[in-house]
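Laboratory data are not the source of any read-out in this text; all were calculated from the coordinates shown. Not measured: the values here are computed from a predicted model.
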């Protein structure tokens with residue numbers, strides 16, 4: 001499965017000096033499981049939201065996953081809406097400390113199918129496998145999503 005992982009920016013005038021290890025661990029796990037992974041690093045490549053969305057679209061993903069700390073929430077919110085408008089059929093998810101703390105905020109504010117709670121290395125692989133096979137991804141442990149009642 002073609003999966004694009006997105007590391008959102010902290011802000012246009014602020015750049016982190018830290019490598020996104022969490023996203024790298026998830027990417028490594030997905031690669032080892034046989035998935036094709038592209039990483040769009042807004043922070044490292046100093047990309048605007050539109051440039052990052054262009055790169056996501058160019059990767060022709062079947063799934064897009066957003067990482068980053070809770071301080072990057074506004075970019076996740078903006079990116080998910082743009083990605084969903086350009087790639088309406090793509091499966092979207094996110095995982096980070098904010099998602100694990102307040103999943104309902106991400107699910108109600110962002111264009112996400114589900115969120116990954118806690119460490120994502122195992123859950124991301126199980127989720128990608130389920131989506132790729134067309135099986136019920138809601139059976140994967142460590143996920144949250146909105147049901148018909150919100």
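Tabulated data for the structure shown
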item	result
Coarse-grained scattering of the stretch 2-144 at q = 0.13 Å⁻¹, given as base-10 log I(q)/I(0) from a Debye sum over alpha-carbon atoms	-0.48
C-alpha center-to-center spacing [the stretch 15-65, the stretch 74-150] in angstrom	15
Rg(Cα)/(2.2 N^0.38 Å) for the stretch 69-112, N = residue count	1.08
Percent breakdown of C-alpha pair distances by 5 Å bin, ordered from the shortest bin, for the stretch 79-150	3, 17, 26, 25, 22, 6
The chain, helix-only ellipticity at 222 nm - DSSP H runs n ≥ 4, -39,500 (n - 2.57), divided by all residues, nearest 500	-12500 deg cm²/dmol
